[in-house]
Amino acid sequence: MTLPRLLSLALFGVCLGAWAQARFDFDRTPGRLPKAVLPTHQAMTLSVDPDGDHFEGQATITLQVRSAVPAIVLHAHRLQATSSVLLDASGERPLTVQADEATQTWRLQPADRRPIAVGRARLRLAWIGQVQSNDSGLFRAPYQAHGLAQRMLATQLEAVFARMVFPAFDEPAFRTRFELSVRAPKGLDVLSNTTPTGRVDEGERVLHRFAPTPPMPSYLLALAVGRFDALEGRAAGVPLRVITAPGKRAQGAYALAATQKILPYYTRYFGQPYALAKLDQLAVPSTRNGAMEDWGLISYAERALLFDPATGNTDHQRSIFGIVAHEVAHQWFGNLVSAASWQEIWLNEAFATWLADKASDRFNPEWQLRLRHRREIDQTMERDGGASTRAIRSGAVLEDRVFDVFDDITYTKGGAVLGMLEQWIGEERFRRGLASYMKARRLSSATAGDLWFHIGRASGRDVAAVAASWTDQPGFPLIDVDARCAAGHTRIELGQRPFSSGGSVRSGRWQVPLVLQHGGRTQRLLLQQDRLTLTLPGCPTTPLVVNPQGVGFYRVAYAPALMAALAARVAGLPAPAQITLMSDTFALAQAGLLPMTAWLDLVAALPSVRGLGRPALLAQAQSALRLLAEALRAPDRARREERPAAMEHHRG
């Protein structure tokens, strides 16, 4: 082995060492709050009114003080403290509240200036907060029902909005039991994460009490107040409800039916039952965007949950099924086991994306989701091949930039990488690893290191090293492929290099789980080096195909003779191989690595393609042709725009 080759491998080993993904350690988890004080229970009463602009809150927070501290620091933002007291072994101690808007924290220091000793203590706090007009914190959602203007209240506390509703240790690593009571005007319904335990009539208001939650991050607490209709059902032993504004109950039928399929499937998949006593899904009108996986009370924008058979179509059903499958997946990934910090949020979102696709494909195979989602993969690859990309695990995430990582790299690339790892490891071993992870980290936090430990143990493979090469560096590889017949055997040459879609210089090396279709046989291997040569028996008449199911998150560049053979036989390839070949060829042509005629040759073969993949292939070709047409029009448009200016200069 040459010295440069040895140095290259050594540097690769150093990189993987730098990417070492440690297992969860609370004290080493990044965050703004000190780790000296742990909340264990937060009993809280919120007094709210959908017609009011403010609300009031009181809380008693039980703490475990791990080391003596001069003050307690927790999150609170846009809240006005009205009372603050510490109760510990020395008695009741008034607190001074120092608010820091820059860090969105309160520093609570005993007025007597004596330190807070190790042991059990309680904070007793009261405050006034503001009802928001957008979907953050506790917000108002106006709507029309029966011709009348009405309002409901709902919450969106992820990522850092719990602190706008109540003082909290508002970081994912701090898991607390919340015991909520809500005081609301009589005649209104009140919903939260858990089942109601009682109501107290207070005249014009009613105090609603709810069962304690399991230990969970503060951003998962949920509250809704208003007038609701509900469609009820049951699955996996769990009472289900789809809850809507008045008059829209019937439109929840499709989402309820989807949930009745999804919940038992996830229960079997993880070997872990859904952890709460009920599962509500709430359609929030007007103000709500997207969806939020609050434990036991998932909230959605109305269109993301409700389906009207009179006006809806299959595309809308696909969307609802996928979103419901994603949010219900979070009841395990994100709720039962939480990402330790925001830099690990891909553990929640990538897995929910991957599992939702898995569920959607299982129950609706006719949708051909893998083919339909190719456009999302291509768009993400285009970004990931450019200079503005980032790694899935991109390092420290500042609190005010959390939503920057809720992007296609986290969701689409993250989900695709998981699918690729599952294909390499095998579905059953991958499932056993995930079940082990869920059992071991149940009601706790986790990192990528925890996940790969359990999947690696279940599979008997070094999953951590392979996964780190995908999650901890940006970009993806281009796989060069050549194949020749010699003496009754096929000699295959494989290579990898970083793919660049924008002309930027890239570096990197990946441990690439490859799948090769050679005749009627499937060959799986892990490409860890820059170049690899292997020999397979036989010289089949059908050409070699790499990534035949389109699961791998990489591009493939075939040698000219191999590419010509594939183009001549494209109609006979499986649908995923057809669309992946089309996709890779167009991307390589865009990057200047192939002439555009190579892609046009494939387009010319499309009329002969039959089967379920045909609509997706035609849609992909139409999209690419529109892009080419726009690119061809751009210079002409620029010339037309320049001409008047040139004429003006000539007249002058």
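The values are calculated or read from the model by the stated rules, or taken from the named source; none is laboratory data. These figures come from a predicted structure and were not determined experimentally. In this analysis, Cβ positions are derived from the backbone assuming ideal geometry, glycine residues included, and neighbour counts consider all displayed protein chains. With ligands, DNA and RNA removed, areas are computed over all heavy atoms of the protein, side chains included. Shrake-Rupley method; radii C 1.70, N 1.55, O 1.52, S 1.80 Å.
Considered as a group, the residues in the range 298-336 that are of a type in the set (S, T, N, Q) and part of a loop (DSSP other than H, G, I, E, B) include one that is farthest from TRP367 (Cα to Cα), and that residue is ASN335. If only residues of the range 45-71 that are in a loop (DSSP other than H, G, I, E, B) and free of Cβ contacts under 8 Å to residues at least 60 places away in the same chain are counted, the one that is surrounded by the most Cβ atoms within 10 Å (Cβ to Cβ) is ALA71.
A count restricted to the range 178-225 and to residues that are more than 18 Å from LEU279 (Cα to Cα), basic (Lys, Arg) and in contact (Cβ under 8 Å) with a residue 12 or more places away in the chain stands at 3.
Here is a yes/no grid of residues against (1) out of contact with any strand residue (DSSP E or B) (no Cβ under 8 Å at 6 or more places or on another chain); (2) of a type in the set (A, V, I, L, M, F, W, C); (3) modelled with pLDDT of 95 or more; (4) not in a helix (DSSP H, G or I):
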| residue | (1), (2), (3), (4) |
| --- | --- |
| SER338 | no, no, yes, yes |
| GLN343 | yes, no, no, no |
| LEU347 | no, yes, no, no |
| TRP354 | yes, yes, yes, no |
| LYS358 | yes, no, yes, no |
| ARG370 | yes, no, no, no |
| GLU376 | yes, no, no, no |
| THR380 | yes, no, yes, no |
| GLY386 | yes, no, no, yes |
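Could you list, in sequence order, the residues of the range 408-432 that are touching a Ser or Thr at 6+ places or on another chain (Cβ under 9 Å) and of a type in the set (Asp, Glu)? Correct list: ASP408 only.
To keep it simple, each residue is scored yes or no on (1) aliphatic (A, V, I, L, M); (2) within 33 Å of the chain's Cα centre (by Cα).
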residue: LEU87; (1), (2): yes, no
residue: LEU95; (1), (2): yes, no
residue: GLN98; (1), (2): no, no
residue: THR105; (1), (2): no, yes
residue: ALA111; (1), (2): yes, no
residue: ILE116; (1), (2): yes, no
residue: ALA121; (1), (2): yes, no
residue: ALA126; (1), (2): yes, no
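In the condition set (1) open to solvent by 30 Å² or more (accessible area, probe 1.4 Å); (2) in contact with a Lys or Arg (Cβ under 9 Å, 6 or more places away or on another chain), PHE553 is compliant with all but (1). Checked against (1) under 24 Å from TYR266 (Cα atoms); (2) part of a helix (DSSP H, G or I), ARG241 passes all but condition (2). For the range 394-401, the count of residues that are at pLDDT 95 or above and among the aliphatic types (A, V, I, L, M) is zero.
Looking across the range 250-274 at every residue that is part of a loop (DSSP other than H, G, I, E, B) and out of contact with any Leu (no Cβ under 8 Å at 6 or more places or on another chain), the one that is most open to solvent (accessible area, probe 1.4 Å) is identified as PRO273.
Of the residues GLU179, GLU202, which is among the acidic types (Asp, Glu) and within 26 Å of THR40 (Cβ to Cβ)? Sole residue among the options that is among the acidic types (Asp, Glu) and within 26 Å of THR40 (Cβ to Cβ): GLU179. Counting only strands (runs of 3 or more DSSP E) wholly contained in the range 165-236, the ones carrying 1 or more residues that are more than 30 Å from ALA257 (Cβ to Cβ) and either out of contact with any Cys (no Cβ under 9 Å at 6 or more places or on another chain) or open to solvent by less than 10 Å² (accessible area, probe 1.4 Å) (or both) occupy 177-185, 196-201, 205-210.
I'd like to know if the range 133-142 contains one or more residues that are more than 25 Å from ILE298 (Cα to Cα) and in contact (Cβ under 8 Å) with a residue 40 or more places away in the chain. Scanning the range 133-142 turns up no residue that is more than 25 Å from ILE298 (Cα to Cα) and in contact (Cβ under 8 Å) with a residue 40 or more places away in the chain. Within the range 102-111, is there a residue that is surrounded by fewer than 19 Cβ atoms within 10 Å (Cβ to Cβ), out of contact with any Asp or Glu (no Cβ under 6 Å at 6 or more places or on another chain), part of a loop (DSSP other than H, G, I, E, B) and free of Cβ contacts under 8 Å to residues at least 40 places away in the same chain? So far as the range 102-111 goes, yes, one or more of its residues are surrounded by fewer than 19 Cβ atoms within 10 Å (Cβ to Cβ), out of contact with any Asp or Glu (no Cβ under 6 Å at 6 or more places or on another chain), part of a loop (DSSP other than H, G, I, E, B) and free of Cβ contacts under 8 Å to residues at least 40 places away in the same chain.
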